[in-house]
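Below you'll find the structure, written out as structure tokens, and then a few comments.
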């Protein structure tokens, strides 16, 4: 039986990989970093790669491992890798390679009070430069350089990895301002962090329920902290984790 290839060290990626492991399906899980590999549970039937792959390497991986079922469970803001996965499969020109994109649950924030929406980090920075007060930045370390002008005011909450911390330091963020923690976080912990660092603004991507978005917004509301949301550039379409696992079970029970 052909193997399954999963992209994504996300909550969804781990959940699907765990399901494949329990079903005793030979599976390959690709995560972007060594830290992403470290936080995974122990697997019996799932091999893990933490190497960043380009288009040709993805195509080669699919061919060499006889993959017929590719699952894109990457972060909804990870535009480049999602596009590369699509191109890699198209380049193979094989009808038997199926691609399934995992879609997080839609978040309706239009009616939420006190929320400001921006289409990019740059737009959010322009707004924040005309404000005062500390900022809890929860967008991750990948684009931390966009917030360099606000380095003295931001408290970035990032993954506790060397690369993430170095990215913050390179952007001019003081060590004492860096919050290195593995999420997602409860409403109560978000509230405690906002209060501890006296944050007047909270910046977040529209990360969905699995990314702890609701808990961040509720904490911002309860503490009087204004929430700033960076909207995705591309609307993600796809299937849920539950539907994906259902498809896998059907596919492997033929």
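Evaluate E = 1/(1 + (r/R0)^6) for residue 120 and residue 247, where r is the Cβ-Cβ distance and R0 equals 30 Å; express this FRET efficiency to the nearest 0.05. Once rounded, the FRET efficiency stands at 0.30.
Between the Cα long axis of helix 55-64 and the first principal axis of the chain there is an angle of about 40°, rounded to the nearest 10. Spin-label pair residue 180-residue 222: with each label point 7 Å from Cα along the Cα-Cβ axis, the two points sit 2.9 nm from one another. In terms of its C-alpha gyration tensor, region 26-78 comes out oblate, because a/c is 1.5 or above while a/b does not outweigh b/c.
Kirkwood hydrodynamic radius computed over region 95-178 comes to 15.0 Å, based on all pairs of distinct alpha carbons.
In degrees from 0 to 90, rounded to the nearest 10, what is the angle of the helix 213-223 Cα long axis to the longest principal axis of the chain? That works out to roughly 10 degrees. Enclosing the Cα atoms of region 138-254 in their convex hull gives a volume equal to 132 cubic angstrom per residue. Computed from the C-beta positions of residue 45 and residue 148, the FRET efficiency with R₀ = 51 Å rounds to 0.70.
Just check region 1-144 against the gyration tensor rule for me: Cα atoms, a ≥ b ≥ c as the square roots of the eigenvalues, rounded for a/c under 1.5, and otherwise prolate or oblate depending on whether a/b exceeds b/c. Here region 1-144 falls in the prolate category. Once the Cα atoms are used to define both axes, helix 187-196 deviates from the longest principal axis of the chain by about 40 degrees. Each of the peptides 65-71, 221-227, 119-125 was scored by the mean count of other Cβ atoms within 10 Å over its residues; in descending order, highest first, they stand as 65-71, 221-227, 119-125. Remark: relative contact order (the chain) = 19 percent; criterion is Cα-Cα distance under 8 angstrom and separation of 6 or more residues. With the helix formula -39500 (n - 2.57) applied to DSSP H stretches of n ≥ 4, the chain reaches a computed 222 nm mean residue ellipticity of -10500 deg cm²/dmol. The mean of 1/r over all pairs of different alpha-carbon atoms in region 51-134, once inverted, gives a Kirkwood hydrodynamic radius of 16.0 Å. Among rounded, prolate and oblate, which fits region 116-160 when a ≥ b ≥ c are the square roots of the eigenvalues of its C-alpha gyration tensor, a/c under 1.5 means rounded, and a/b larger than b/c means prolate? Oblate is the answer for region 116-160, as a/c is 1.5 or above yet b/c matches or exceeds a/b. Taken along its three principal axes, the alpha carbon spread of the chain comes to 59, 36, 32 Å, from the longest extent down to the shortest.
Read-outs: derived from the displayed coordinates by stated rules, not from any lab. The shown structure was predicted, so the numbers you read here are calculated from the model rather than taken from an experiment. As a convention, Cβ positions derive from the backbone with ideal geometry for all residues, glycine included, and neighbour counts pool all protein chains shown.
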